[in-house]
Amino acid sequence: MKMKLGHLVNTGNELDALLEETFKSAFQFKLLRVARLAIPEIKDYFKAIQPIIEKYDGKAQEGDRVTFEKENAVAANKDILDLQNQEIKLDFEKIKLSDIESNLASASPKIKIKQLLALDWLIDLEA
């Protein structure tokens, strides 16, 4: 599956929420395989963005937010967008939404439907 790096990074919290659910063993293995592909890409993104933040004197804010002085903001945002627009390829088959539902070990999952919708790169919502 080809996708933009920024799309993967922006759905990292949703992926974490899905991975925290308890699934039947075989399905859990399938999810862990995807995580082994996705998580290194996300980590590499955060390593690659650090020099951009330093170059433009970014200031850490609440959470993962960073702000830049007005004179640096346009250039910093351009460099960040260039990084986020990098195309990556993750080799896996999408997971059917019905498979998620049928493999949940708990009758009351913690993940919310809006989190599942954000994972459109992972979940086939039409199957």
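Coordinate-derived values only; no laboratory data. Everything numeric in this text was worked out from a predicted model, so none of it was measured. All Cβ positions, glycine included, derive from the backbone under ideal geometry; neighbour counts span all protein chains shown.
Structural remarks
- Listed from fewest to most Cβ neighbours within 10 Å, the set 126, 101, 21 follows the order 126, 101, 21.
- Helix 70-84 vs. the chain, principal-axis angle (Cα, 0 to 90°, nearest 10): 40 degrees
- Helix content alone sets the calculated 222 nm mean residue ellipticity of the chain: runs of n ≥ 4 DSSP H residues at -39500 (n - 2.57) each, divided across all residues, give -18000 deg cm²/dmol.
- Residues with amide H under 5 Å from that of residue 66, placed H, sequence gap 5 or more: 61
- √(5λ) per eigenvalue of the Cα gyration tensor, the chain, largest first, Å: 33, 15, 12
- Note that the stretch 55-69 has calculated 3J(HN,Hα) couplings of 4, 9, 6, x, 10, 5, 10, 4, x, 9, 6, 9, 10, 10, 4 Hz, one per residue in order, obtained from phi through the Karplus relation 6.51 cos²θ - 1.76 cosθ + 1.60 (θ = phi - 60°); glycine and proline are x.
- Integer Hz, Karplus 6.51/-1.76/1.60 couplings in order for the stretch 105-119, x for Gly and Pro: 7, 10, 6, 10, x, 8, 6, 9, 4, 5, 5, 5, 4, 5, 8
- Close amide H partners of residue 123, meaning residues 5 or more places away or on another chain with modelled amide H under 5 Å apart, are 95.
- Database remark: amide H of residue 23 closer than 5 angstrom to the amide H of 105 (H placed geometrically; neighbours at sequence offset of 5 or more, or on other chains; Pro and chain starts carry no H).
- Between 85, 6, 18, the Cα set farthest toward the positive side of the dipole of the chain (charges on each charged residue's Cβ, about the Cα centre) is that of 18.
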